[in-house]
Every structure is written in C-alpha cells, then in structure tokens.
Amino acid sequence: MRTLGRTLLGSAVAVVLIASGCDGLWYHIENDCELMLTCEKYRGRGSEVVPAGCVPSEIDGAVDETCGVFVASTGNDENLGTRAEPVATLAEGVRRAAGNGTGVYACAETFEEAIELPAGVKFFGGLDCANGWVWIGKTAKTVVAPGEEGEERIALKVTRGEDAVRVEDVLVRAADAEAPGASSIAVLVDGAEAELVRCELVAGKGAAGTKGEDADPEAPEQALPGNAGTNACSDLDTSGAPDSTLAGGEQVENACGGALTIGGEGGDGKVNNGDSGQVGQSGTFGAAGVGEPPEGAWSCSGPEPNGRGDDGSNGSEGKAGDAASGLGTLSSSGYAGVSGGPGKAGTPGQGGGGGGGAKGGAAICSGAMPGAGASGGSGGPGGCGGLPGQGGGAGGASIALASVDGKVTLKDCVLKAGEGGKGGAGGDLQPGGLGGLGGVGGTGVGGSKAACDGGKGGQGGNGGPGGGGLGGPSLAIAYRGEAVKQEGQTMLQPGTPGAGGPGGSSNVSENAGAAGTAAAEQEFP
C-alpha cells in the first residue's frame with residue numbers, strides 16, 4: 001500500500017512517500033498532471049492558471065458559471081455576480097475576482113469608469129450577454145471609457161504584484177485631459193507582468209501647460225529725488241557770524257528688496273573752496289561732481305571735470321528663463337514634462353553722484369563778513385530692477401500604453417495616441433523703475449557761484465522673461481525598464497506632439513520651449 005502526501009510551498013511542490021511491503025516504489029512526480037498543473041483542463045496564463053472552459057475565445061458557447069464574476073451594465077452591484085445576476089460595474093467585478101482568485105467576464109458594452117487591476121486578475125471582454133454570454137470579441141469589445149472625473153486621465157491601471165494580469169478583447173479609451181498640464185493615458189502598467197490580447201488602447205489629448213506667472217506690468221515706483229544743497233550764507237553760527245562750512249545735500253537711499261542703491265552726498269560749501277560731492281553707490285558708481293577749487297576756473301557744466309554730479313548707470317537686465325527641453329519623466333503616477341525656467345530680476349540702477357560745493361570768500365554775506373559758499377545737491381538713487389516672469393508649464397502627454405518597470409506583452413493589439421498638449425507660455429517681465437532726479441545745488445550770494453546739482457539715478461534693469469514650457473509627447477508606447485513585447489498583428493500609431501510654449505513678453509528673448517516627441521515606442525530613463 002502506498003500513501004502520497006502533497007504540500008504546496010509557494011510555487012514548489014514537496015512530495016512525501018510512504019512505502020509498505022514489496023510494492024513500495026518511488027513515485028514519479030512528472031507523471032502527475034494534477035500535481036504539475038499540466039492536465040488538459042488547465043491552461044497556463046502567466047504566473048497563474050485559467051481552467052479550460054474559462055477562456056471565452058477558446059470555447060464554443062457560454063462561459064461556465066464557476067469561471068468568475070460576470071459584469072453587465074444592466075446588472076446590480078448587490079447581485080451574486082453570476083450570468084443570471086451580474087454586477088453592474090467593472091470595479092465591483094474586479095474587487096470580487098481579486099478576492100476569490102477568479103476572472104472578470106464583461107459584456108461587449110461601454111463602462112464609463114476607470115479601473116485598477118491588481119496582480120493576478122484576468123479580465124475577459126467581448127461577450128454577448130444578450131445571447132448566452134458567448135464570445136464575440138472579434139467584432140465587439142468591452143469598452144472602458146471613464147468620464148471627466150480626476151485630473152490625470154489613466155483609464156486602466158495595472159498595479160504592482162507578483163502574479164500576472166491578462167486582459168482580452170477590451171477597448172480602453174482615455175478621455176481628453178483638462179487640468180492644465182495633465183496627460184491622457186489609456187493603460188499604465190506599474191511594475192507588473194501583464195498580457196494584453198486583441199485589445200485596443202486609445203489615448204485622448206494632453207492638456208496645454210499653464211502660462212507662467214507674469215510679473216507686475218507696472219514698473220516699480222520712481223526713486224525719490226536727491227536732497228537740495230544749501231544756499232550760501234544761509235546759516236549762522238552761535239555768535240551770529242556766517243558759518244564757514246555748509247553741508248551738502250544728504251544722500252538718499254532706495255531699498256530694492258535685498259539691494260540698496262544710494263545717491264551720493266553733495267559737496268560741502270566752504271569759505272575758501274568747495275568740496276567735491278560723493279559718488280553714487282550700487283553698481284558702477286556715478287562720478288561725483290568736483291568742488292570749486294581755491295583758484296582756477298570752475299563751473300557746473302562744460303568740459304570735464306566740472307562740478308555737476310554724473311548720472312548713475314542703468315541697471316542690467318535680468319537673464320531670460322531657460323527654455324524647456326528634454327523628454328520628461330515616466331513614473332507610477334504617469335508622465336511629468338519639463339517646465340520653462342523663471343527669469344532673473346533686473347539689477348537696480350546706480351545712484352547719481354553728488355554735486356560739487358562752491359566757495360564763498362570774503363565779504364559776501366551780510367555785514368561784509370566772509371562766509372561759506374553754497375553746497376551741492378545729492379545724487380538721486382537708482383531705480384529698482386524689474387521682477388522676472390515665471391516659466392511656462394509643460395504640456396500633458398498622450399500615451400496609449402505606459403509601462404513602468406513592467407513586463408508587458410501585446411498580442412494582436414492596436415495602440416493609438418492623440419495630440420500632446422501645448423507647452424505653456426513663459427511669464428512676462430516687469431520693466432525697471434526710474435531713478436531719482438538729482439538734488440538741486442544751493443545758490444550763491446554776493447557774486448559767489450551757485451553750487452552744482454547732483455546726478456540723477458540710473459534706471460533699474462528690466463526683469464527677465466520666463467522660458468516657455470515643453471510640448472507634450474504623443475506616444476503609442478512609453479516605457480521605463482524592459483521594452484514591451486509585441487506579437488501577432490500589433491499596430492502602433494503615434495499622434496501629433498504638442499508645440500513648445502513661447503517665451504514671456506512676446507518671446508522677445510526667443511526662449512520658446514521645445515516641441516514634444518512623437519514616437520511609436522519611446523524609452524524613458
């Protein structure tokens with residue numbers, strides 16, 4: 001007598017033999033079709049098995065009740081899930097089938113729902129439910145066509161797991177994406193093994209990318225003017241005598257975020273000479289006006305050097321944002337494109353130089369007393385630089401099949417991609433602000449010369465425009481990792497890629513984003 005015990009350990013089989021008497025013989029495991037799952041009633045389907053009679057395309061007549069969960073649009077999710085009492089939604093059918101290890105069998109009807117297939121689920125479509133649940137997959141498919149819910153359009157997603165997924169006779173149609181930069185993806189396989197047979201995968205349009213945020217179109221406020229100098233003989237010391245020094249106009253500051261631009265202080269007026277003004281600050285300094293020397297010709301205009309403070313130099317324009325280029329990335333969440341880069345802020349203008357002070361001399365003030373000459377006006381501070389425009393967003397993709405680290409096989413399938421979304425335009429720049437006017441020099445008295453004006457501040461540089469976003473790709477197959485296997489009469493039809501978005505401020509910097517890619521197959525890093 002022989003007793004055989006069998007224990008399934010994962011995918012391995014342990015065989016225990018107990019022999020008695022003379023008939024104790026070694027048992028040959030390879031001859032046991034039940035144990036090896038090679039009997040005629042079993043048909044291999046990936047890492048699981050589907051019993052004979054449960055693959056609709058391989059049998060005549062109706063699928064057996066024991067094969068799985070049946071789905072019809074006229075059903076009810078509270079039903080038993082049999083042919084006589086089908087459930088109404090694919091999601092409910094998948095949930096039940098995943099729980100009991102059976103298949104999903106759906107009528108050749110349209111189901112307006114997105115679905116996720118967990119590892120091991122078998123999904124068979126193309127059944128004529130009105131005539132006994134027989135297979136008509138060659139002429140009619142089960143259509144998975146979710147509506148407008150959700151931002152990212154992924155109509156059917158296969159989730160990670162060890163057991164293989166099989167889909168037969170299903171048309172998956174993804175809706176056009178609507179949220180800015182969103183993609184339309186018919187099927188995404190996330191790290192799973194999947195086989196699709198006689199399926200049609202159709203992606204909709206990718207959505208256009210967002211326009212980059214514009215900077216304030218109004219330039220920053222003009223900087224305050226420099227301070228005026230003091231008139232000659234205008235101040236008295238404590239004894240009632242004229243002062244021997246009159247201070248030049250005080251410097252004026254203009255804060256521009258983290259930067260500071262300052263107009264130079266005016267030169268002091270004195271009895272025997274006038275001091276030179278100070279240089280303006282921030283950037284390349286504005287030259288200070290020269291004060292009146294004790295001897296020699298001097299004026300606030302004419303050949304240099306003279307007493308007027310120089311105007312400050314204008315600030316530099318901000319660098320334009322980089323134009324988007326490249327391919328984008330593919331992940332379990334879908335596709336992500338490349339946005340345009342933001343521009344850089346313009347730099348502040350340089351402050352104007354202070355005006356030179358004048359000398360007074362003897363007997364110019366009241367009472368024939370010597371006194372200080374007029375003092376110079378301070379330079380105006382520079383204007384603030386303009387703010388930059390932000391980069392435009394990437395256009396969304398149109399992808400019929402995306403495989404992310406998956407093992408996918410297509411047999412007699414048709415894949416069609418639609419239009420990629422246009423890249424978003426870069427944001428417009430802000431012009432730089434005007435610099436402050438120079439302060440007026442003080443006036444002379446009794447034949448003394450007037451002091452000189454300060455120079456005006458330079459204008460702030462314009463901000464840089466934002467770069468345009470990348471156009472969305474149109475791909476029949478997008479994959480990361482292992483390439484998708486194709487068998488039979490599989491057809492791949494890419495569509496039209498999205499145009500790149502123009503750069504900001506009417507693309508004056510010619511920093512438009514690159515157009516998307518169109519390809520039957522595209523590998524992602």
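Both the radius of gyration and Dmax for the range 299-448 are 32.1, 113 Å, in that order, over alpha-carbon atoms. Measuring nothing but alpha carbons in the range 49-104 and taking Rh as the Kirkwood radius, the Rg to Rh ratio lands at 0.96.
Among E200, E85, a tally of other beta-carbon atoms within 10 Å of each Cβ gives an order, fewest to most, of E85, E200.
The ellipsoid equivalent to the alpha-carbon distribution of the range 83-228 has semi-axes of 48, 16, 12 angstrom, derived from the gyration tensor eigenvalues as √(5λ) and listed largest first. With contacts taken as Cα pairs under 8 Å and at least 6 residues apart, the range 372-447 reaches a relative contact order of 57 percent. If you sort the three axes of the alpha carbon gyration tensor as a ≥ b ≥ c, you get a/c of 1.5 or more for the range 78-159 and a/b no higher than b/c, which makes it oblate.
The mean sequence distance of close C-alpha pairs (under 8 Å, at least 6 residues apart), as a share of the length of the range 451-525, puts its relative contact order at 42 percent. Evaluated with a Cβ-only charge set (Lys, Arg +1; Asp, Glu -1), the range 404-507 carries a dipole of roughly 120 debye about its Cα centre, given to the nearest 20. A simple spin-label model places the labels of E112 and K411 3.4 nm from each other, with each point 7 Å out along Cα-to-Cβ.
Of the residues T329, T261, T409, the one with the fewest other Cβ atoms within 10 Å heads the list, and the complete ranking is T329, T409, T261. On full extension, the segment bounded by K485 and E213 gains 93.6 nm, given 0.36 nm per residue less the C-alpha separation.
Just so you know, all these numbers are worked out from the coordinates, no wet-lab data involved. Everything numeric here is computed off the predicted structure, so don't read it as measured data. Cβ sites come from the backbone with ideal geometry, for glycine too, and all protein chains shown count toward neighbours.
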